[in-house]
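Readers should treat all values here as calculations from the given coordinates under stated rules, not as data from a laboratory. Since we're looking at a predicted model, the values are computed, not measured. FYI the Cβ positions are ideal-geometry reconstructions off the backbone, even for glycines, and counts take in every protein chain you see.
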Amino acid sequence: MALSVLDLFSVGIGPSSSHTVGPMRAAKLFADGLKGDGQLSSTVRVQSELFGSLGATGRGHGSDKAVVLGLQGLEPETVNTFTADDQVAAAALDAELHIGGTHRVDFNWDEDVLLHRRKSLPAHPNGMTFRALDHTGAVLRERSYYSIGGGFVVDGDAEGADRVVADDTVLPYPFSTADELLEICRREDMSISDVMLANELTWRTEAELRAKLLDLWSVMRECVQNGCTAEGILPGGLNVTRRAPALFRTLTASAATAEAAAGTPSLVQVPADPLLAMEWVNLFALAVNEENAAGGRIVTAPTNGAAGIVPAVLHYYVKFVPGADDDGVVRFLLAAAAVGILFKTNASISGAEVGCQGEVGSACSMAAAGLCEVLGGTPGQVENAAEVGIEHNLGLTCDPVGGLVQIPCIERNAIASVKAINAARLALHGDGSHKVSLDKAIKTMRDTGADMKTKYKETSRGGLAVNVIEC
Ligand code: SF4
């Protein structure tokens, strides 16, 4: 099974990759299947059932809305994030859906999108079943899907459906563990981003890949810009105020003051705040995650809940590291993706499966690796940075208040972004040798996730979710 950097990073819609992007893709797959098998014209009604974590926190994550959009043929990459809510409201109000964008069926919001808070499908906590009925009420088609994290969807009824979507492409430098990756780097005298690039050339040319990665970077930048200017309260009922715009104003004002003071020697010098870069990193992460919480356009990296970390650390690289350029951005994303592949292959990036250590922990580890790579780290140092990035997120639970990707998620991304930068810098002070290998840390994350009680895995039935009063 082969994974690409473009599997780890993709354009999506907030607030959740597993609970919004995945269900939208699954619903569209179901609608496409109806059309492909000639069943669309006989369909008079479509029912959707969401189970497990999707049922428990689906309302807060917009899973129900995502299903309605997906059934109508819309995709997370291209759906208009400004009109999506209106489209869902229109479907509910007009009591009709246009399956695949064309075929009209009656729709009853309360009866046709069911969220089961305490029932699960067998293979994964994020299960869904779609059912198409004909005019006699007979079932024309029924399929179950699983949203397994990061927007990945598997067909639950397909043969061998398990952890990942199969891609049998043969890569020149296959690796499934960090040890194997490091051995390739040593043997071939390549960096981690070199290995990833060589593998990526199996799917597309270097120019195509570079263009796609820089497109992703531009979506990340636009997301930060949007988050820095969108004032107000986040949706969902928790009354969480967006903090990025005020922080942006404060930081730009203090930057202007510092510039003015520096250019006017007679003025009393304003001492440079040694932690100013950290404040900017906080801003970048808050901006992305507030956009995500508001259902905006984001890059899933590798999930939506943790979508602020890689962009925040990339912005740090571009803003604060001398000599930063587009080549560095590309190498950053490639090295980060190599680490993401290790998490996806050997553990999980799904909060519903292993808790937040799989989302924020994986993203922190990936960002640490990416930054270490572009700061000139050896493969051993990059692996060390990635290991530090996950080790200090082990055991992190997923307990979103009100089932919304807001508390603790938004702030957690800011903290993890700073942690990723620290991990990269720590690793750069060493020679790459260290006691706990990345492979062992990933295995520990998987085992810890398996031992974690279900209430700490994106069900909003434990932790902060029950100790913070919603208001
Ligand atoms: S707590 Fe972590 S895993 Fe859970 S929804 Fe928030 S960011 Fe995702």
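Just to be sure I understand the model, the point goes 7 Å from the Cα along the line to the Cβ. What's the resulting Ala260 to Glu183 distance in nm?
Going from the Ala260 label point to the Glu183 one covers 6.2 nm.
Please go through region 14-113 and write out the chymotrypsin sites (Phe, Trp or Tyr not before Pro) that DSSP classes as loop and that have at most 12 other C-beta atoms within 10 Å.
Passing both the DSSP loop test and the Cβ count: Phe82.
Which aspartates and glutamates, if any, have their Cα less than 16 Å from the Cα of Lys443, not counting same-chain residues under 8 positions apart?
By straight Cα distance, Lys443 reaches Asp179, Glu180, Glu353, Glu359, Glu383, Glu387, Glu391, Asp451.
Provide the descending list of Cα extents for region 106-204 along its principal axes, expressed in whole angstroms.
Here the spans come out as 65, 29, 24 Å, largest first.
Could you please report the charge total around Gly232, scoring K, R as +1 and D, E as -1 over all other residues with beta-carbon less than 10 angstrom from its beta-carbon?
Around Gly232, the surrounding residues sum to -1.
Can you give the extra length, in nm with one decimal, that the chain gains between Arg249 and Glu411 once fully stretched, where that is 0.36 nm per residue apart less the Cα-Cα distance?
56.5 nm
Antiparallel DSSP bridges in region 16-155: what percent, to the nearest 5?
The antiparallel proportion sits near 90 percent.
Which whole-number percent of Cα pairs in the chain have a distance greater than 39 Å?
Beyond 39 Å sits 21 percent of the P(r) for the chain.
I'd like to know which of Met190, Leu8, Gly463 lies farthest towards the positive end of the charge dipole of the chain, counting +1 on Cβ of Lys and Arg and -1 on Cβ of Asp and Glu.
The residue sitting farthest along the positive end of the dipole is Gly463.
How much FRET efficiency would the formula 1/(1 + (r/R0)^6) give for Ala207 and His135, where r is the Cβ-Cβ distance and R0 is 51 Å, rounded to 0.05?
0.45
Within the set of other residues whose C-beta is less than 10 Å from the C-beta of Lys457, count the net charge using Lys and Arg as +1 and Asp and Glu as -1.
0
Beyond a 20 Å Cα-Cα separation, which of these cross-linked pairs lie in this structure: Lys344/Lys457; Lys28/Lys65; Lys419/Lys453; Lys319/Lys419; Lys344/Lys440; Lys319/Lys344?
In this structure, Lys419/Lys453; Lys319/Lys344 lie more than 20 Å apart at Cα.
For Glu222 and Ala95, calculate 0.36 nm times their separation in residues minus their Cα-Cα distance, and state this gained length in nm to one decimal.
Taking 0.36 nm per residue and subtracting the Cα distance, the gain is 42.2 nm.
Separation of region 177-203 and region 5-44 by C-alpha centroid, Å?
Here the answer is 33 Å between Cα centres.
I want the local charge near Gly33. Using Cβ-Cβ distances under 11 Å, sum +1 for each Lys or Arg and -1 for each Asp or Glu among the other residues.
Counting the neighbours of Gly33, the net charge comes to -1.
Fewest Cβ neighbours within 10 Å first, please rank Glu391, Glu411 accordingly.
Exposure proxy ranking, most exposed first: Glu411, Glu391.
Give me the lysines in straight-line cross-link reach of Lys455: C-alpha distance below 21 Å, same-chain residues under 8 apart excluded.
Answer for Lys455, where 21 Å is the Cα cut-off: Lys119, listed by chain and number.
Using modelled backbone amide H atoms (1.01 Å from N, in-plane), which distant-in-sequence or interchain residues come within less than 5 Å of Arg141's amide H?
Ala132
Which ordering of Val88, Val67 is given by a fewest-first count of other beta-carbon atoms within 10 Å?
In order of increasing Cβ crowding within 10 Å: Val88, Val67.
How many angstrom separate the Cα center of region 86-121 from the Cα center of region 297-340?
36 Å
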